[in-house]
Each structure stands twice: as C-alpha cells, then as structure tokens.
Amino acid sequence: MGKKEEEDEYPEERETDDDESSEEESEERWRKHYSSRHRILLVGEGDFSFALSLATHFGSARNMVATSLDSQEKMYSKYNNAITNVRELEEKGCLVLYGVDAKTMSQHFFLSTQRFDRIVYNFPHVGFLFREESHCQIQLNKRLVKGFLRNAKLLLKKQGGEIHISHKEGHPYDKWDLVKKADKIGGLKLNQSVPFCKDDYPGYDNKRAHGTLPDASFHLGDCTTYMFTLA
C-alpha cells in the first residue's frame, strides 16, 4: 500500500477528531460575568490567582491579558504562588505583562492597539502611605481609580464593553466615590452594581500587595462589583 493510500485510509476518523476539537474550542463557558469568548484585560493582578481562576474554568486563557504593576522579579519575591500561577496561565495561552500602570496603560505599546470586552480591576489600592481613613490616603486612592477609568475607557470595545471595579463597602471606602469619578470623566455610566463573592472564583486569593506582608490576604467583608459602560 502506498503512502497516499495510507493517508486516505481513515479520512472519516480524522475529520471527526478535528470536528470535536473545533467544538471544544468554540464552546462558550461562563464564570459569573465573564465568558470564554470575551476579550478580557485584568489589571493590577497580585499573584495572578484571579486570572488563573477564570482560565481554569474556561479551559483556556487565550482570550485574556493579565497585568501587574510589579516587575517580574518583584512579583516573584512578593508572592509565594506567583511563579506557579503565571506558568499555568502562560501554558493556557494567557499574555502576562509586567510593569503596567493602571493610570497610563492606554499608552502601553501593546495595550494601546487592543480593545477589550471586559476590563477588570479588583480592589484597587495605592498602598498604605497614610492611615486608611485619612484624607490623604483617600485622595490617593481616588486618583488611582480616576486614572484607571480614564485609561480603561480608551481600551474598551464600543459594543457591549464593560469596566469592572470590585470594591469594599462601608467607611472609608464609600468616600472613594467610584460612580462620581466615572461621571466626572465623561463618556462612562454605571450599568449595574452587584455583590462580589470571593467563593465565586475558586482559587482566587486576594493579596495585601503592600507593606511587610504583601502575600497575606485581607478581610473583604461586604464588597461590590461596579460595572461601567460607555455612555
């Protein structure tokens, strides 16, 4: 039997395998507000455990870009699981970027060319330069949120795009005025706000990120995910 005949002997089996692979790749999977068909940008990831939680559920991370303000070396020194998490993400097809500032990310050489269905920033915080409830600390955090929203707006898809900020409720976090910040920027509106539950994202471990114990988790309490769209 010649080589050509060997190759054509089982065409139906090969076509079936290809069809099954295509079906698996095209199957849409949802985790709360996020779909495997969304182009997702994750901002300010700590140890990248939130990104990995989504990727694990989706079965792939080819639709995701995950970023950190830290350099690669600094991130690995801060978080015990960072190396493992990033390796798994990259194996699943995620693009991981370091040194990305939420306040200037629309100017990033790669991100500036992209548009996303979901842009997600969980628990933005500048670090504890002052007491949490002090006016100076609150103002710094408000500037961070304002800068993020202004830049995220430029990277958002016009049709159906959403910017998500998960945020603690109560004093002093209510003084950050997330909704007012979006209104003042212009071109953004609050679409809805829903409770945030950490248990909805298995494997996610929120991190302090700053101070002497950056790898430690912090108490969440009541939290909300604010979802903004283009006005």
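Quickly work out the residue 126-to-residue 107 label distance, labels modelled 7 Å from Cα along the C-beta direction, and quote it in nm with one decimal.
So the label points at residue 107 and residue 126 sit 1.8 nm apart.
Could you work out the relative contact order of the chain? I mean the mean sequence separation of Cα pairs under 8 Å and 6+ apart, divided by the number of residues, in percent.
19 percent
Return the calculated 222 nm mean residue ellipticity for the chain, to the nearest 500 deg cm²/dmol, obtained by summing -39500 (n - 2.57) across DSSP H runs with n ≥ 4 and dividing by the residue count.
So the calculated ellipticity at 222 nm is -10500 deg cm²/dmol.
Subtracting the Cα-Cα distance from 0.36 nm times the residue separation, let me have the gained length for residue 192 to residue 90 in nm, one decimal.
33.5 nm
What does the convex hull of the Cα atoms of the stretch 93-187 come to per residue, in Å³, rounded to a whole number? Write out the running numbers ahead of the final one.
Values: hull volume 11.0 nm³, N = 95.
Roughly 116 Å³ of hull volume per residue.
With θ set to phi - 60°, apply the Karplus curve 6.51 cos²θ - 1.76 cosθ + 1.60 along the stretch 84-95 and write out the HN-Hα couplings as whole Hz, x wherever there is a Gly or Pro.
With coefficients 6.51, -1.76 and 1.60, one gets 5, 4, 5, 4, 5, 4, 5, 5, 8, x, 6, 8 Hz.
Could you work out how far apart the two model spin labels at residue 154 and residue 180 are, taking each label as a point 7 Å from the Cα in the direction of the beta carbon, and quote it in nm?
About 2.6 nm, to one decimal.
Using packing as a proxy for protection, rank 108-121, 193-206, 59-72 so that the peptide with the highest average count of other Cβ atoms within 10 Å comes first.
Most protected by this proxy first, the peptides run 59-72, 108-121, 193-206.
Is the stretch 30-230 rounded, prolate or oblate when judged by the Cα gyration tensor, a ≥ b ≥ c being the square roots of its eigenvalues, rounded requiring a/c under 1.5 and prolate requiring a/b larger than b/c? Write down the numbers at each step before the final one.
Working: a/c = 1.41, a/b = 1.10, b/c = 1.28.
Rounded shape, in that the Cα axes give a/c under 1.5.
Would you work out the charge dipole size for the chain about its Cα centre, treating the Cβ of every Lys and Arg as +1 and the Cβ of every Asp and Glu as -1, and quote it to the nearest 20 debye? Intermediate values should be presented prior to the final figure.
Working: 33 positive and 38 negative charges, 517 e Å.
Rounded to the nearest 20 debye, it is 2480 debye.
No value in this document is a laboratory result; all are computed from the given coordinates. Model, not experiment: these values are computed from the prediction. Quick reminder, even Gly has a Cβ in these numbers, built from the backbone with ideal geometry, and neighbours come from all protein chains shown.
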